[in-house]
């Protein structure tokens, strides 16, 4: 492996404990208790089943962003296939078209994400005090989507 290759400290592997955590976090997110958190809904690209995951939405430069801190997991692949996602918080439900952004655009969003989402910091090599270039360098491992309200 090259010296500058991406080597995450931890690789995301879903477990039974993670499933229970997601169930609890989903309930708290749905209730609007956790700041910046939403319940993301996608439709399974193969099964067609509705899938829900708690996510942190970033507001930056008058735009909304969705970050995949664990890499291209199931919801990311479902969102890519559908081209849209739905976000729920309290009684508010909105559908967004998504656009996956290149690393240069993702870097500042990832930097902001790390400042807000402490629980996922261990999946990043860049630290919250690092320059934006460090986040841009690992953007390929953490997909970032721009959210545009959909009618």
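Quick notes on this one:
- For residue 147, the requirement of being surrounded by 18 or more Cβ atoms within 10 Å (Cβ to Cβ) and within 14 Å of the chain's Cα centre (by Cα) is met.
- Being crowded, with 16+ Cβ neighbours inside 10 Å and modelled with pLDDT under 95 is a condition met by no residue of the range 94-103.
- Residue pairs whose Cβ atoms lie under 7 Å apart, sitting 6 or more positions apart in sequence or on different chains, and linking a residue in the range 33-54 that is at pLDDT 95 or above to a partner that is in a strand (DSSP E or B) and loosely packed, with under 14 Cβ neighbours inside 10 Å, are 41/50; 43/50.
- Some residue of the range 129-138 being closer than 14 Å to residue 57 by Cβ and either surrounded by 16 or more Cβ atoms within 10 Å (Cβ to Cβ) or in contact (Cβ under 8 Å) with a residue 24 or more places away in the chain (or both): no
- A count restricted to the range 49-74 and to residues that are exposed (fewer than 14 other Cβ atoms within 10 Å of the Cβ) and part of a strand (DSSP E or B) stands at 4.
- Screening residue 42 with (1) touching a strand residue (DSSP E or B) at 6+ places or on another chain (Cβ under 9 Å); (2) in a helix (DSSP H, G or I); (3) under 24 Å from residue 21 (Cβ atoms) gives one miss only, at (2).
- Residues in the range 59-74 that are in contact (Cβ under 8 Å) with a residue 60 or more places away in the chain and within 15 Å of residue 148 (Cβ to Cβ): 63, 64, 65, 66.
- When the range 75-124 is filtered for residues that are free of Cβ contacts under 8 Å to residues at least 12 places away in the same chain and assigned to a strand (DSSP E or B), the ones remaining, listed by number, are 92, 93.
The values are calculated or read from the model by the stated rules, or taken from the named source; none is laboratory data. Since the structure is predicted, the reported quantities are computational estimates derived from the model, not experimental observations. Methodologically, a virtual Cβ is constructed for each residue, glycine included, from the backbone with ideal geometry; neighbour enumeration extends over all protein chains shown.
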